[in-house]
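Read the figures in this text as sums done on the coordinates, not as results from a lab. Just so we're clear, the structure is a prediction, and the values are computed from it rather than from any experiment. Cβ: placed from backbone, ideal geometry, glycine included. Neighbour counts: every protein chain shown.
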Amino acid sequence: MGNQPSSPPPPNTPPPPPPVPVCDLDCLHQKNLVMLKLALDNIDQESQPDKYEQARLAYYTELNGTKWLEDEKRRLAAQEIAPIITDYSTKYQELNDESSSNKAFTNLAAILENQLGQDKDDNSFLDKQYKKEKTHTQNLIRQNQLTSSPTASYPWLFNLLCFLLIIGVGYLGFTKFDKIKELVSPSPPEII
């Protein structure tokens with residue numbers, strides 16, 4: 001069997017695949033864009049928001065470059081953090097307002113305390129003066145009571161009281177005397 005002619009290839013074998021074309025960077029870039037755009041279009045934004053966001057970032061990063069990705073990440077971070085920063089700023093402002101209000105209240109309390117100390121000093125002097133005048137007045141009243149006679153100052157009152165006492169005793173005697181006389185003297189029996 002040595003030198004036999006080679007037989008033709010069997011008819012059922014498929015032809016060899018065409019040679020793969022060599023793809024440069026622009027070609028790879030375009031292929032990636034097409035695949036990423038297809039993936040982005042096939043994902044539902046409402047039902048899969050995380051996957052959609054990943055596909056969107058991948059597509060636009062490939063389309064616009066890493067500079068766009070950095071800007072987009074900053075924008076998203078600012079968008080997520082803005083309400084938190086606003087909330088903290090509001091709370092910080094409220095705390096500053098409360099602190100300044102507390103400082104004003106503390107200052108007012110210190111001023112009032114200082115004024116109260118001064119008022120106590122003034123009041124103690126005024127209190128001493130008042131007690132001195134009160135004692136002097138009480139002494140004058142007592143001296144006047146001791147030097148004046150009570151009958152000399154109200155003679156008409158004494159006379160009035162005596163007159164009323166005499167009238168009262170006379171009235172009681174007259175009314176009671178009639179009742180006593182009726183009880184003592186027997187009355188004749190009445191005939192019916």
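Quick one: length gained pulling Asp87 to Lys51 fully straight, 0.36 nm per residue minus the C-alpha distance? Can you show the working numbers first?
On the way: separation 36, 0.36 × 36 = 12.96 nm, distance 2.97 nm.
10.0 nm is the gain from fully extending Asp87 to Lys51.
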(request) Measure of size requested: the Rg and Dmax of region 41-95, with Cα atoms as the atom set and Å as the unit; please supply both. (result) 15.8, 50
(message) With +1 assigned to the C-beta of every Lys and Arg and -1 to the C-beta of every Asp and Glu, and no other charges, what is the dipole magnitude of region 24-64 about the Cα centre in debye, to the nearest 20?
(response) 60
(request) Among the lysines, select those whose C-alpha is under 29 Å from the C-alpha of Lys128, and discard any that sit fewer than 8 residues away in the same chain. (result) Lys120
(message) Just to check I understand the Karplus step: with θ = phi - 60° and J = 6.51 cos²θ - 1.76 cosθ + 1.60, what whole-Hz values come out for region 131-144, glycine and proline as x?
(response) 5, 5, 5, 5, 4, 4, 5, 4, 4, 5, 5, 5, 4, 5
(message) Against the 2.2 N^0.38 Å scaling, with N counting residues, where does region 24-64 land? I'd like the Cα-based Rg ratio to two decimal places.
(response) 1.20
(message) At 25 °C and a viscosity of 0.890 mPa s, what translational diffusion coefficient does Stokes-Einstein give for region 43-174, taking Rh as the Kirkwood radius over Cα pairs? Give it in µm²/s as a whole number.
(response) 94
